[in-house]
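The values are calculated or read from the model by the stated rules, or taken from the named source; none is laboratory data. In this text, all values refer to a predicted model and were calculated from it rather than measured experimentally. Cβ placement follows ideal geometry from the backbone for every residue including glycine, while neighbour counts extend to all protein chains displayed.
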Amino acid sequence: MTRCFVRNRLKKICGALAILAAMACADCVHPARAAEQGSVRVAAAGDLKFTMGEIVEAFRRERPAVEVSVTYGSSGNFYAQLSNRAPFDIFFSADVDYPRRLVRQGLALADSEFLYGVGRLVVWVPRISPIEVEKLGIQALLSPSVRRIAIANPRHAPYGRAAEAAMKSLGVYDRTKDRLVLGDSVMQTAQFVDSGGAEVGIISYSLALAPPLRDKGRFWEVPIDAYPRREQGGVILSWAQDRPAAEALRDFVLGEGGRAILRRHGFRLQGEDHGF
């Protein structure tokens, strides 16, 4: 009688423990599965508007459980925000100097710094423009019909500094500087020309190749030796909320999938002709 009672009690106790264990496991996330989850807040230079959109789509096909939110703007403005610890996890800059400054200030992780491409400049006009930019090249800026020339603001936009340098080295800056209109970023600069706010603009090659502008305009590529080399890079911020997810996005960009997208959008890449 006593033995039967003990056996019954043990069965009940073991059953209860099994139920508790099952409930606990149901609430657990397998370590391998947890590594696939996460979220990344991205600050990206304006020239990456369409490139990064394609990269994120491809990345999420591989890592569907990782949420990615991207904010676009000028690299200089992002640098100022990140110096005040703006809520981002990873920064893709149009000038590698900004990420390096963040590392020196202790605001970014030194071992996370990376280069992802070399940017290029073009002189861009709407397709319906009478300006034969392909034939005129930089001289298109001197066309009588040109009243406004759009470039990104050189004070905080790397592509604006590159545009200004190219205009000076190619001998047209002094004759055109009074007609310049400045976009907050190279993306806004492209919008100025596309909307008729300027007759011609100097923008990134990546934007000129992007679907929204590719069929709307024509362009001439500025010789790459006419302006300081546009090495573009990034870094993971020291306060990143989800470093593994940020690293996964960085690694995708630097891998074959990301490189193929960057190449398609006009960036020169490490190890390739004229790469860094």
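Details
- Cβ pairs under 6 Å, 6+ apart, first in segment 128-153 and more than 13 Å from Gly201 (Cα to Cα) and outside the structural domain of Gln191 (by TED's automatic domain parsing), second surrounded by fewer than 16 Cβ atoms within 10 Å (Cβ to Cβ) and β-branched (Val, Ile, Thr): none
- Qualifying residue in segment 59-73 (condition: basic (Lys, Arg) and in contact (Cβ under 8 Å) with a residue 40 or more places away in the chain): yes
- Within segment 44-73, the set of residues being assigned to a helix (DSSP H, G or I), among the acidic types (Asp, Glu) and more than 20 Å from Ser185 (Cβ to Cβ) comprises Glu57, Glu62.
- Residue match in segment 156-174 (condition: in contact (Cβ under 8 Å) with a residue 60 or more places away in the chain, surrounded by fewer than 18 Cβ atoms within 10 Å (Cβ to Cβ) and in contact with a strand residue (DSSP E or B) (Cβ under 9 Å, 6 or more places away or on another chain)): no
- The condition of being buried (at least 16 other Cβ atoms within 10 Å of the Cβ) and out of contact with any Lys or Arg (no Cβ under 7 Å at 6 or more places or on another chain) does not hold for Phe114.
- Entirely in segment 180-276, the helices (runs of 4 or more DSSP H) that have 2 or more residues that are farther than 27 Å from Ser143 by Cα and modelled with pLDDT of 95 or more: 243-254, 256-264
- Among the residues listed as Gly257, Gly234, the single one being buried (at least 21 other Cβ atoms within 10 Å of the Cβ) and touching a helix residue (DSSP H, G or I) at 6+ places or on another chain (Cβ under 8 Å): Gly234
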